[in-house]
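The values are calculated or read from the model by the stated rules, or taken from the named source; none is laboratory data. This is a predicted model, so every value here is computed, not measured. Reconstructed Cβ throughout: ideal geometry from the backbone, glycine too, with neighbour counts over all protein chains shown.
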Amino acid sequence: MNTDNVALSPQLLTATEALAVNLRQSEPFVLYHHARDLLEADAQAQALLRQLSEAQADVRARSGQARGEVTQHDVDQLRALQRMAQANRVIMDYVRTQQFAIDYWREVNRDVSELLGVDFASLARRPGCC
């Protein structure tokens, strides 16, 4: 559906703004933002996530090279970092609340799409290539 020619009535704009406010104030999004703030404030969790990200990138880069090899030690180190991240309460609360917010958003999108009779997410998508 091409949304370039969709005229937004004042009522639709008001309803959309109200939806955005309600989403920001909903339990899933409040919990997510709180967990994100805690994660951003936790230097240990941030360091662990950086180590994990770097180890994952290193393994991906070396496994993609023609002569590169990923050793058992590399795999063990990556798995150890993954276990540490999974054992970190702050990281796991963030992951859990993020998924809760995503699931909630999908449910809201389905409900709104059914009411409108169109794919609501496609109407809300910003124009552009990316």
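Annotations for the structure displayed:
- Selected residue (criterion: nearest to residue 95 (Cα to Cα)) from residues of the range 2-32 that are surrounded by 13 or more Cβ atoms within 10 Å (Cβ to Cβ) and at pLDDT 95 or above: 32
- Scanning the range 65-108 for residues that are without any contact (Cβ under 8 Å) to a residue 12 or more places away in the chain, within 30 Å of residue 35 (Cα to Cα) and either in contact with a Ser or Thr (Cβ under 6 Å, 6 or more places away or on another chain) or basic (Lys, Arg) (or both) yields a total of 4.
- Residue match in the range 36-48 (condition: surrounded by 12 or more Cβ atoms within 10 Å (Cβ to Cβ), under 16 Å from the mean Cα position of the chain (by Cα) and of a type in the set (Lys, Arg)): yes
- Test: residue in the range 55-64 that is buried (at least 16 other Cβ atoms within 10 Å of the Cβ), outside any loop (DSSP other than H, G, I, E, B) and in contact (Cβ under 8 Å) with a residue 40 or more places away in the chain: no
- Flag if residue 36 is out of contact with any strand residue (DSSP E or B) (no Cβ under 6 Å at 6 or more places or on another chain), at pLDDT 95 or above, among the basic types (Lys, Arg) and assigned to a helix (DSSP H, G or I): yes
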